[in-house]
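Got a structure for you, written out below as structure tokens; questions coming shortly.
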There are 2 protein chains.
Amino acid sequence: MRTTTASQLAQARRRLAELTSLDEVLELLGWDQEVVMPSGAAEARGRQVSTVALLRHQRLCDPQLARLLGELAATEGLGPVDAANVREALREQQRALRLPPELVEQLSERAVAAHGIWAEARERGDFSRFAPILGELVDLARKKAAAIDPERPAYEVLIEDFEPGMTIAGIDRLFAPLRARLIPLLGELRGLSGPARPQAMGATIAADKQEALGRELMGVLGFDWSHGRLDRAVHPFCGGAGMSDVRVTSRYADDDFLSGLLAIIHETGHALYEQGRDPALADQPVSRARSMGWHESQSLLWENQVGRSPEFWRFLLPWLAEREPAFAGAELGAITKALARVDFDNMIRVEADELSYPLHVVLRYEIERDLFAEGPDRLAVADLPAVWNEKMQRYLGVTPPDDRQGILQDVHWSGGAFGYFPSYTIGALLAAQIFATAKGAIPGLMEGLGRGETAPLRAWLGREVHARGSTLSSDALAVAVTGSQLSPEPFLDYVEAKFRGAYGAPERVSGGAGA
Amino acid sequence: MRTTTASQLAQARRRLAELTSLDEVLELLGWDQEVVMPSGAAEARGRQVSTVALLRHQRLCDPQLARLLGELAATEGLGPVDAANVREALREQQRALRLPPELVEQLSERAVAAHGIWAEARERGDFSRFAPILGELVDLARKKAAAIDPERPAYEVLIEDFEPGMTIAGIDRLFAPLRARLIPLLGELRGLSGPARPQAMGATIAADKQEALGRELMGVLGFDWSHGRLDRAVHPFCGGAGMSDVRVTSRYADDDFLSGLLAIIHETGHALYEQGRDPALADQPVSRARSMGWHESQSLLWENQVGRSPEFWRFLLPWLAEREPAFAGAELGAITKALARVDFDNMIRVEADELSYPLHVVLRYEIERDLFAEGPDRLAVADLPAVWNEKMQRYLGVTPPDDRQGILQDVHWSGGAFGYFPSYTIGALLAAQIFATAKGAIPGLMEGLGRGETAPLRAWLGREVHARGSTLSSDALAVAVTGSQLSPEPFLDYVEAKFRGAYGAPERVSGGAGA
């Protein structure tokens, strides 16, 4: 490598490390706000966050960094990691540079206003209160997309905030088979009497006890306590301040222990991704998780593929029974079947089971896609509740009685986040495909999980996924990890077998059918 | 006010608010590190702190801000608050601008190295290991002082980091009478049998119970929980993220409840200062506490003048007895006398009683002053342990058996902080003078404290001290609050009466005597 290139690389890395530090500070300010900040500090916190975010934006858009990255991107012979690092930094920088500062400010200002209006509209179950500002946010998001790339469909540009490299065609290819197989499957199961809920699952367990069990289980999953913590928050999340400081939060309902435990397993999955990043690149963008979908794949893999599997429960049930009398008499099969119950009356995404969840996402995706469409296909904001309710009936067989349980249930749009929802289901598909690969790649994986041995899976995921960060594109990473492009089939096969089993429905014999 | 001036003021305030936000972020990063950060995150935290500190430095030294402040400082007819705000900002900026960046970096780099070396030297009780790097730090601090103001004595320039406006002559004027009266008083009391330690003071109380009592007492003192919290840390401190987010920390020893409770009262005194700042100026430098000494005056006023007074204990003892059986049979007089016990064998500053403490500070002040003196008066680093031990014997009547209990006991110098120690005693003097004024200004103050009524004192301190922030110079503030310049007499009279009383020594009849 030429001396100039080496010195340019060193300079770029120093500047990118600075941006990483500011990201970590912003992440910590967010964690603090959710977990420990006193209520009266919100205004000052807003000022602190804007100040750091603005300085970060200025440093990101600094002309010297732009020149450095531009020159490095044009340099032949960079190693693959350096090249990926430059590519990731450049992508973020170019998006930022193309956004007019007034638009950024307007977006942030309207999102703050919209959050309050949404919360009030939701409280009253009245979409018409939210519609005007939602319309404004959609217009601003359209302007944002046009500023970043006027050649591509607006929605596709927005998706890239969450899934770099993903396209509308790509999502359609993944989601169409979900509709095609999940809707009829749900219809079939609806007629059957589902698995009973064992008594242990309704046991009352104090929050402190639940937290202590959750903490111990995090250790079983391999969470590194010297680089992380567990705290409480209203909505569970995984935050912190970079890969050496990974903070899981959860909440506990006295009468719903298992959902709290699964929430901890879910967040621990996110945490293991962060803790598994390449420490030598910790301060560089290339070490970051590949995408929201990839992050979700790790949480869902641990929560669902492991945490709801009969094999892991062979370990978990006696482990729980030793620690909590309510589980002493519980039967293994009854519990794992009950973890595959469909609540056919549920219309809330965050409470949905594994089988219904993707349809909640498909519905939102289609609505977002059509909101940002050009020409006669474009969906009008005013029509959203009707479209929502009609799709709910068609996909999930229920019609929300009001907007609160319908179109107003999610916070995302009020924050101006359009294009986020697909990542949840991309994560679920990835989780199934990755776990299917892991079963083939790790000898005795399921038997080991039955003894609570999580290290082999963690080491494999660390090597295959976590440590790779963003060195590869999303598509290339899927191929590198699983040997093929992302496909909905492993997920559909997994979920169908699991729920048919739990409902005692006949096994599905042949592949894919139309909706 | 001219339009130009108004617009310049608005611009300056916007930029100063940005600096305040970054200060608050840095303060929060420090709190987090002491209270919740996992051990393995120290390296990343160092990177985060340096990044924010460097950006803050760049913003502080920005030529546009320098021009703005310069022009505003030269503008006639600014209101007193705006003028003080500009003055405070300018003082900080000029100190920063005069320091060469290489020197700042060197100071910070050597201080990090010195901390480790000091800790090891202290562990081994061997000053000779610490001496070389201490010498380097003294040289660097001398360079720093010369860069800031080559016309003034180096030590005086260093003091200004903690006590703006304070001079060596000013400290000598305050500290000489302390030596003159405290040394003979200590000598007199040493011959007497001191107050006994009542059984209640040795009671074993669990840390959780202590914390709960401390929390409740903070409420009695008027701590605002919507703008603050209480947590645990190895060394108690008051931190947070600005006046709307004030975080007290403490620690609890099972067998030393009262010292833990007094530590909480002390930190709550700091916290009330922060919570009492002018909210309309929260993001401006003028709202900040006047100095370290002024901050300490508020913690010591609540800890000693209130928290160790027989009057407040009329409220506190029954309050404690209701909550903790160990205090049920305790006698009021015995406890308040025991709070004025001298441990004549103690040689550790942080464990010193109210009477001995100032002599520990005088000793350090004299050593620092002489370390930075010019010409033949200059004290050599190699001579420090001998000078330390000789002064300890002369002032406090004890000679440390080793450097660990002598010259190596404090962390300050290893961090390059020279000139900090005087603030502790300036705070004690201020506390006594302010409290003497409060007694005259607030009708029935002491009777009210005897009923646990803290609101009148808090309101008075809020108006007289807290809300004034840095609008006045330290000298002018002392006059505004107490009617006269700071003097050692109120403190000496207070402490002499208190300790003579506890020791049953005859009252002192006439004023000031030579040492």
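The values are calculated or read from the model by the stated rules, or taken from the named source; none is laboratory data. From a predicted model like this one, the values you see are computed outputs, not experimental measurements. Don't worry about glycine lacking a Cβ; one is built from the backbone with ideal geometry, like all the others, and counts go over all protein chains shown.
Please work out which residue is farthest from the other protein chains (Cβ to nearest Cβ), limiting yourself to the range A:30-43 and to residues that are buried (at least 21 other Cβ atoms within 10 Å of the Cβ) and part of a helix (DSSP H, G or I). Walk me through it before giving the result.
Taking the range A:30-43 and keeping what is buried (at least 21 other Cβ atoms within 10 Å of the Cβ), we get A:31-32, A:37, A:41.
With the extra rule that they be part of a helix (DSSP H, G or I), the set shrinks to A:31-32, A:41.
Values: A:Trp31: 9, A:Asp32: 7, A:Ala41: 4 Å.
Checking each candidate, the answer is A:Trp31.
In this structure, is A:Ile159 surrounded by fewer than 19 Cβ atoms within 10 Å (Cβ to Cβ), under 23 Å from the mean Cα position of the chain (by Cα), of a type in the set (A, V, I, L, M, F, W, C) and under 23 Å from A:His412 (Cβ atoms)?
Working: surrounded by fewer than 19 Cβ atoms within 10 Å (Cβ to Cβ): no; under 23 Å from the mean Cα position of the chain (by Cα): yes; of a type in the set (A, V, I, L, M, F, W, C): yes; under 23 Å from A:His412 (Cβ atoms): yes.
Taking the combined requirement at face value, the residue does not satisfy it.
Let me ask another. Does A:Ala111 meet the test of being surrounded by fewer than 17 Cβ atoms within 10 Å (Cβ to Cβ) and either under 25 Å from the mean Cα position of the chain (by Cα) or within 14 Å of another protein chain (Cβ to nearest Cβ) (or both)?
On the way: surrounded by fewer than 17 Cβ atoms within 10 Å (Cβ to Cβ): no; either under 25 Å from the mean Cα position of the chain (by Cα) or within 14 Å of another protein chain (Cβ to nearest Cβ) (or both): yes.
It is false that A:Ala111 is surrounded by fewer than 17 Cβ atoms within 10 Å (Cβ to Cβ) and either under 25 Å from the mean Cα position of the chain (by Cα) or within 14 Å of another protein chain (Cβ to nearest Cβ) (or both).
Of all residues in the range B:478-495, which are over 18 Å from B:Gly440 (Cβ atoms) and assigned to a helix (DSSP H, G or I)?
Filtering the range B:478-495 down to residues over 18 Å from B:Gly440 (Cβ atoms) leaves B:488, B:492, B:495.
Within the range B:478-495, B:Leu492, B:Val495 qualify.
Which one of these does A:Pro198 not meet: (1) touching an Asp or Glu at 6+ places or on another chain (Cβ under 9 Å); (2) more than 17 Å from A:Leu316 (Cβ to Cβ); (3) modelled with pLDDT under 95; (4) not small (Gly, Ala, Ser)?
Here A:Pro198 clears every test but (2).
If you don't mind, there's one more thing I want to ask. Determine the pairs where a residue that is assigned by TED's automatic domain parsing to the domain that holds A:Val495 and surrounded by fewer than 17 Cβ atoms within 10 Å (Cβ to Cβ), located within the range A:325-340, has a partner that is assigned to a loop (DSSP other than H, G, I, E, B) and basic (Lys, Arg) with Cβ atoms under 9 Å apart, the partner being 6 or more residues away or on another chain.
These pairs meet every condition: A:Ala334/A:Arg197.
Please give the number of the condition B:Arg14 fails out of (1) over 27 Å from the mean Cα position of the chain (by Cα); (2) of a type outside the set (A, V, I, L, M); (3) closer than 26 Å to B:Leu158 by Cα; (4) surrounded by fewer than 18 Cβ atoms within 10 Å (Cβ to Cβ).
The failed condition is (3).
Just give me the residues in the range A:138-157 being in a helix (DSSP H, G or I) and not aliphatic (A, V, I, L, M), in sequence order.
A:Asp139, A:Arg142, A:Lys143, A:Lys144, A:Tyr155, A:Glu156 - these are the residues of the range A:138-157 that are in a helix (DSSP H, G or I) and not aliphatic (A, V, I, L, M).
Which ones in the range B:234-273 are farther than 24 Å from B:Ser309 by Cα and modelled with pLDDT of 95 or more?
Correct list: B:Gly239, B:Gly240, B:Ala241, B:Gly242, B:Met243, B:Ser244, B:Asp245, B:Val246, B:Arg247.
Which one is farthest from B:Val286 (Cα to Cα), of the residues in the range B:44-65 that are within 7 Å of chain A (Cβ to nearest Cβ) and of a type outside the set (S, T, N, Q)? Let's see the steps before the verdict.
Restricting attention to the range B:44-65, the residues satisfying the condition of being within 7 Å of chain A (Cβ to nearest Cβ) are B:44, B:47-48, B:51-52, B:55.
Applying the additional criterion that residues be of a type outside the set (S, T, N, Q) yields B:44, B:47, B:52, B:55.
Numbers: B:Ala44: 33, B:Arg47: 30, B:Val52: 22, B:Leu55: 21 Å.
Among them, the one singled out is B:Ala44.
Report, by residue number, each residue of the range B:244-284 that is among the hydroxyl-bearing types (Ser, Thr, Tyr) and not in a helix (DSSP H, G or I). Working first, answer last.
Filtering the range B:244-284 for residues among the hydroxyl-bearing types (Ser, Thr, Tyr) gives B:244, B:249-250, B:252, B:259, B:268, B:273.
Selection gives B:Ser244, B:Thr249, B:Ser250, B:Tyr252.
From the set of residues in the range B:214-256 that are over 26 Å from B:Ala200 (Cα atoms) and of a type in the set (Lys, Arg), which is farthest from the other protein chains (Cβ to nearest Cβ)?
Taking the candidates together, the pick is B:Arg247.
Now for a separate question. Could you please let me know if A:Asp208 is surrounded by fewer than 20 Cβ atoms within 10 Å (Cβ to Cβ) and within 14 Å of chain B (Cβ to nearest Cβ)? Can you show your working first?
On the way: surrounded by fewer than 20 Cβ atoms within 10 Å (Cβ to Cβ): yes; within 14 Å of chain B (Cβ to nearest Cβ): yes.
For A:Asp208, the condition - surrounded by fewer than 20 Cβ atoms within 10 Å (Cβ to Cβ) and within 14 Å of chain B (Cβ to nearest Cβ) - is met.
Now a separate question. Could you please let me know if A:Gly135 is part of a helix (DSSP H, G or I) and within 18 Å of A:Ala380 (Cβ to Cβ)?
Details: part of a helix (DSSP H, G or I): yes; within 18 Å of A:Ala380 (Cβ to Cβ): yes.
The answer is yes for A:Gly135.
Can you go through B:Glu105, B:Glu76, B:Glu92 and tell me which one is modelled with pLDDT under 95, under 30 Å from the mean Cα position of the chain (by Cα) and more than 10 Å from every other protein chain (Cβ to nearest Cβ)? Explain how you work it out, then say what you get.
On the way: B:Glu76 fails: under 30 Å from the mean Cα position of the chain (by Cα); B:Glu92 fails: modelled with pLDDT under 95.
After ruling out the rest, the residue left standing is B:Glu105.
Conditions: (1) within 14 Å of chain A (Cβ to nearest Cβ); (2) surrounded by 18 or more Cβ atoms within 10 Å (Cβ to Cβ). B:Phe130 meets all but one. Number of the miss?
(1)
From the list B:Thr249, B:Thr268, exactly one residue is farther than 18 Å from B:Asp23 by Cα, surrounded by fewer than 24 Cβ atoms within 10 Å (Cβ to Cβ) and touching a helix residue (DSSP H, G or I) at 6+ places or on another chain (Cβ under 7 Å). Which is it?
The unique qualifying residue is B:Thr249.
I've got another one for you. For the range B:464-472, does any single residue satisfy the condition of being more than 28 Å from B:Arg173 (Cβ to Cβ) and among the acidic types (Asp, Glu)?
No, there is no match, as no residue in the range B:464-472 is more than 28 Å from B:Arg173 (Cβ to Cβ) and among the acidic types (Asp, Glu).
Within the range A:257-285, track down each residue that is more than 23 Å from A:Val86 (Cβ to Cβ) and of a type in the set (A, V, I, L, M, F, W, C).
Within the range A:257-285, A:Phe257, A:Leu258, A:Leu261, A:Leu262, A:Ala263, A:Ile264, A:Ile265, A:Ala271, A:Leu272 meet the criteria.
Name the helices (runs of 4 or more DSSP H) wholly within the range A:293-375 that hold at least 1 residues that are of a type in the set (D, E, K, R) and either at positive phi or out of contact with any Pro (no Cβ under 6 Å at 6 or more places or on another chain) (or both)? Explain how you work it out, then say what you get.
Numbers: elements: A:310-323, A:332-338, A:357-371.
Counting at least 1 such residues, we get A:310-323, A:357-371.
Quickly run through the range B:1-22 and pick out the residues that are more than 7 Å from chain A (Cβ to nearest Cβ) and either without any contact (Cβ under 8 Å) to a residue 60 or more places away in the chain or touching a Pro at 6+ places or on another chain (Cβ under 9 Å) (or both).
Selection gives B:Arg2, B:Thr3, B:Thr4, B:Ala6, B:Ser7, B:Ala10, B:Gln11, B:Arg14, B:Arg15, B:Leu16, B:Leu19, B:Thr20.
Here are the criteria: (1) surrounded by fewer than 17 Cβ atoms within 10 Å (Cβ to Cβ); (2) more than 14 Å from chain B (Cβ to nearest Cβ); (3) in contact with a helix residue (DSSP H, G or I) (Cβ under 8 Å, 6 or more places away or on another chain). Tell me which single one A:Met201 does not satisfy.
(1)
Here's something else I'd like to know. Note down all Cβ pairs under 8 Å where the first residue falls in the range A:387-405 and is buried (at least 17 other Cβ atoms within 10 Å of the Cβ), the second is hydroxyl-bearing (Ser, Thr, Tyr), and they're at least six residues apart or on different chains.
A:Asn389/A:Thr399; A:Met392/A:Thr399; A:Leu396/A:Ser356
Check off (1) within 22 Å of the chain's Cα centre (by Cα); (2) over 30 Å from B:Arg369 (Cβ atoms) for B:Gly448 and give me the number that stays unchecked.
(1)
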